[in-house]
2 protein chains.
Amino acid sequence: MAILPQEELDGIYAFAVDLGKRAGQMLTDAAQIRIDGGNTTQEQKEHVQKENAVDLVTETDENVEAFIKREIMEKYPAHKFVGEESYSKGASRDYLIDDSPTWCVDPLDGTVNYIHLFPMFCVSIAFIHNNKPLVGVINAPFLKQFFSSCAGRGAFMNETQRLPLVRNPIPPMPAKAPSGCIFSCEWGKDRRDVPEGNMHRKIESFVNMAAELGGRSGRGGMVHGVRSLGSATLDLAYVAMGSFDIWWEGGCWEWDVAAGIAILNEAGGLITTANPPQDYAGAPIEDVSLGSRLYLAIRPAGPSASETGRQSQERTVREVWRRVRNLDYSRPGA
Amino acid sequence: MAILPQEELDGIYAFAVDLGKRAGQMLTDAAQIRIDGGNTTQEQKEHVQKENAVDLVTETDENVEAFIKREIMEKYPAHKFVGEESYSKGASRDYLIDDSPTWCVDPLDGTVNYIHLFPMFCVSIAFIHNNKPLVGVINAPFLKQFFSSCAGRGAFMNETQRLPLVRNPIPPMPAKAPSGCIFSCEWGKDRRDVPEGNMHRKIESFVNMAAELGGRSGRGGMVHGVRSLGSATLDLAYVAMGSFDIWWEGGCWEWDVAAGIAILNEAGGLITTANPPQDYAGAPIEDVSLGSRLYLAIRPAGPSASETGRQSQERTVREVWRRVRNLDYSRPGA
């Protein structure tokens, strides 16, 4: 298994950061045209008025992916490219990432937010080698928050501020986690009203996490707050930042999480599977499988008087597993 | 009933905008100290390390309210002042706003987010006369989004960009609303696990709004997305901006919503009660009662071929009322 020299990785990081900035600017420019016409020609203005917002956003999504792909293929012609837009148009739903150097890109995560100009949207670019996300770039241009990381170099907001944000010292996980935690989750697209459907499995899990301690037959987790942003990528970025304590989600894809996983790992967070093993209290806590569509992330945590940071993260994973249902998102090849 | 001349209101608006900027800077400065020590003395650094985040934030909350109150009392000594912090310490939960000129202030909305440095927090300043919010200022300094309005002058983001953001033309409400809408809601603090408690009433309502059309015995609303930010004030600001289509909430207080109502009204939105009347399909849609703790807001909407904007907003109100439960938040004097 080939290992990349740090110097080469540093070059890839610098390239990805620049690419993320230019792609973010494309998202901003396209949004500005919908707001006030931007610096557009008469022809462009008429185009914007004729199309509906959804079509315009699809067009932007495709343009940004084509731009990123072109730049990568020019700079690194030997690397593989997996992008959300091109994948969605393919017939296969197989997991396509292997040990070779691969770029995994979502040109626009939080599409519904972007359509509505709600600032929780971003471009997400990851570089993966040996099936591990090593470089991550997440640019949320309306938020003016730019998250990035390079394996061996740390994780950053706006290139200079180390993640997690609070780090002198990094707080341990709360002693009674999930109580005291901010819990981030998404409702998703599967809204079938059937008792064993994912919507009802999610809701049951959310309510367990939220209900008072002692409620829900002892499963009540009394989290401090429940948040839903509509962007899996930004959920994960905020876990790396230390703003969210726990993110639990099923149904999103590798391009939604690859950059976030790179950043979270480098910031000192933990990510494993959303679906509790049968022996949730004792089973080993395994590294996440990138294409599994099932994710549970815990923020970076420092030691307390009685635990290491990792111990408090693992304790939190088990407390979440105790309260959530298995989700049903299958995936060939992952 | 005295009416203020526009000129006087313009002066109040300019004062409120300046006050909101300075208060927002105080929130930023206090957060920066927790991140990296800021420009602090050794003594301040030791203070930050000794206290926990919650105590530090309570201190900031109180300092910012005291600052705002002092500035207002100096400039407008005849006006009344109702602030979240001072109110919370009082014994009474009565609604205290009447026809006299009154400032209603939340120095920090989204406190839990602020503790965690998640950017969805803000300062909220409203000027109210004859029980109507006439001037609103919401400053979310980490988001670099500053919302403001003055009755008769319009509503703005960052002082120059008119709200709603998309306005050439302002889109009508979707024909099948709530389908196609972004629905914003909060889990709140009442987490009692009792069937008739507010948590279960809220959950049942959320699930009705989210489930597939035809599901939930015909109540499924298939909203496009469900969002929870942890800040009632920003929920409402994003409705005024046009980013959220519907916000439905019970349990927050007048200082959480007064500035947002001023901004929403001036942007062309609608706000009424969260609790459906018995005849939800035919009852008149009344203006919200500021202290009712029950709010349903609909974004600004333009006309379609078959409806005025107001008609499409009212249709949406009734479609929400059809799907939600009554919430139980009592209030003396409102």
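Every read-out reported here was derived from the displayed coordinates using simple, explicitly stated rules and does not represent laboratory data. Owing to the predicted nature of the structure, the values given are computational and were not obtained by experimental measurement. Quick reminder, even Gly has a Cβ in these numbers, built from the backbone with ideal geometry, and neighbours come from all protein chains shown.
Give the distance, in whole Å, between the Cα centre of the range B:146-216 and the Cα centre of the range A:274-292.
About 36 Å separates the Cα centre of the range B:146-216 from the one of the range A:274-292.
Kindly write out, for the range A:55-71 in residue order, the coupling ³J(HN,Hα) from the Karplus curve 6.51 cos²θ - 1.76 cosθ + 1.60 (θ = phi - 60°), rounded to whole Hz, with x marking Gly and Pro.
5, 4, 5, 4, 4, 4, 3, 5, 4, 5, 5, 4, 4, 5, 4, 4, 4
In whole percent, what relative contact order does the range B:182-321 give with Cα contacts below 8 Å and a gap of six or more residues? Intermediate values should be presented prior to the final figure.
Details: 239 pairs, mean separation 29.8, N = 140.
That works out to 21 percent.
Using θ = phi - 60° and the Karplus form 6.51 cos²θ - 1.76 cosθ + 1.60, what ³J(HN,Hα) does each residue of the range A:39-44 get, whole Hz, x for Gly and Pro?
Once θ is set to phi - 60°, the couplings for the range A:39-44 become 9, 10, 7, 4, 4, 4 Hz.
Only Cα pairs under 8 Å and at least 6 apart count here; give the relative contact order of chain B as a rounded whole percent. Working shown, then result.
Working: 684 pairs, mean separation 55.6, N = 334.
Once divided by the residue count of chain B, the mean separation gives 17 percent.
I want to verify the translational diffusion coefficient of the protein assembly as shown in µm²/s; compute it with Stokes-Einstein, Rh as the Kirkwood radius over Cα pairs, at 25 °C and 0.890 mPa s. Working shown, then result.
Details: Rh = 25.6 Å.
For the chosen part, D equals 96 µm²/s.
Need one number for the range A:87-235: average projected area of the convex hull over its C-alpha atoms, nm².
Across all orientations, the range A:87-235 yields a mean hull projection of 12.3 nm².
Counting only other chains, what is the mean number of Cβ atoms within 10 angstrom of the Cβ of each residue in peptide B:111-121?
That works out to 5 on average.
If one computes the Cα centroid of the range A:1-72 and of the range A:87-125, what distance in Å separates the two points?
If we compute the Cα centre of each part, the gap is 12 Å.
Which whole-Hz ³J(HN,Hα) couplings does the range B:107-115 yield from phi under the Karplus relation 6.51 cos²θ - 1.76 cosθ + 1.60, θ = phi - 60°, glycine and proline marked x?
x, 8, 9, x, 4, 4, 4, 5, 4
By how many degrees, 0 to 90 and rounded to 10, does the Cα axis of helix A:232-241 deviate from the longest principal axis of chain A?
Around 60 degrees separate the two axes.
Please list B:308-320, A:2-14 highest first by mean number of surrounding beta-carbon atoms within 10 Å per residue. Walk me through the numbers on the way to the answer.
Details: B:308-320: 19.7, A:2-14: 13.8.
Output ranking for B:308-320, A:2-14: B:308-320, A:2-14.
Starting from the Cα gyration tensor of the range B:218-334, take the square roots of the eigenvalues, sort them a ≥ b ≥ c, and report rounded, prolate or oblate (rounded when a/c is under 1.5, otherwise prolate if a/b is larger than b/c, else oblate).
Numbers: a/c = 1.41, a/b = 1.16, b/c = 1.22.
In terms of gyration-tensor shape, rounded.
When the convex hull of the Cα atoms of chain A is projected onto a plane and the area is averaged over all directions, what value comes out in nm²?
On the way: hull surface 74.7 nm².
Taking a quarter of the hull surface, the average projection is 18.7 nm².
So which of A:K176/B:K89; A:K144/B:K75; B:K75/B:K132; A:K45/A:K144; A:K21/B:K176 end up more than 30 Å apart, counting from Cα to Cα?
On the way: A:K176/B:K89 28 Å; A:K144/B:K75 35 Å; B:K75/B:K132 21 Å; A:K45/A:K144 26 Å; A:K21/B:K176 38 Å.
Exceeds cut-off: A:K144/B:K75; A:K21/B:K176.
Label position 7 Å from Cα toward Cβ: report the copy-to-copy distances for A:Q25 in nm, one decimal, ordered from shortest.
Between copies, matching label points for A:Q25 lie 3.1 nm apart.
In chain A, what residue has the beta-carbon at the shortest distance from the axis of the rotation relating A to B, and what is that distance in angstrom, rounded to the whole number?
A:S228, 2
Compute from the Cα atoms of the range B:154-287 the Rg and the Dmax, the latter being the longest Cα-Cα distance, and quote both in angstrom.
Rg then Dmax for the range B:154-287, in Å: 15.5, 48.
On average, how many beta carbons from a partner chain sit within 10 Å of the beta carbon of a residue in B:205-212?
Mean shielding by partner chains, rounded to a whole number: 4.
Send over the semi-axes of the range B:6-162's equivalent ellipsoid, whole angstrom and largest first, taken as the square roots of 5 times the C-alpha gyration tensor eigenvalues. Kindly include the intermediate steps, with their values, before the conclusion.
Values: eigenvalues 162, 69, 34 Å².
Semi-axes (√(5λ), whole Å): 29, 19, 13.
Which distances, shortest first and in nm, link A:S100 to the matching position in the other copies, using label points set 7 Å out along Cα to C-beta?
7.8
Would you work out the relative contact order for the range A:6-162, in percent, from Cα pairs under 8 angstrom that are 6 or more residues apart?
Values: 234 pairs, mean separation 34.8, N = 157.
The normalised contact order for the range A:6-162 reaches 22 percent.
When Cβ neighbours within 10 Å are restricted to other protein chains, what is their mean count per residue of peptide A:223-232? Intermediate values should be presented prior to the final figure.
On the way: counts 2, 5, 14, 6, 11, 9, 6, 6, 0, 0.
Other-chain Cβ atoms within 10 Å of each residue's Cβ, averaged: 6.
Quick one: in the range A:138-207, what % of C-alpha pairs are over 15 Å apart? It would help to have the intermediate numbers written out before the result.
Details: 1736 of 2415 pairs.
That fraction is 72 percent.
Once you list every other residue whose beta carbon is under 11 Å from the beta carbon of B:K89, what net charge do they have if Lys and Arg are +1 and Asp and Glu are -1? Intermediate results must be reported in sequence, preceding the final value.
Details: positive: none; negative: B:E62, B:E65, B:E84, B:E85.
In short, -4.
Give the peptides B:184-190, B:18-24 in descending order of average Cβ contacts within 10 Å, highest first. Mind dumping the intermediate values first?
On the way: B:184-190: 21.1, B:18-24: 19.3.
Packing order, densest peptide first, comes out as B:184-190, B:18-24.
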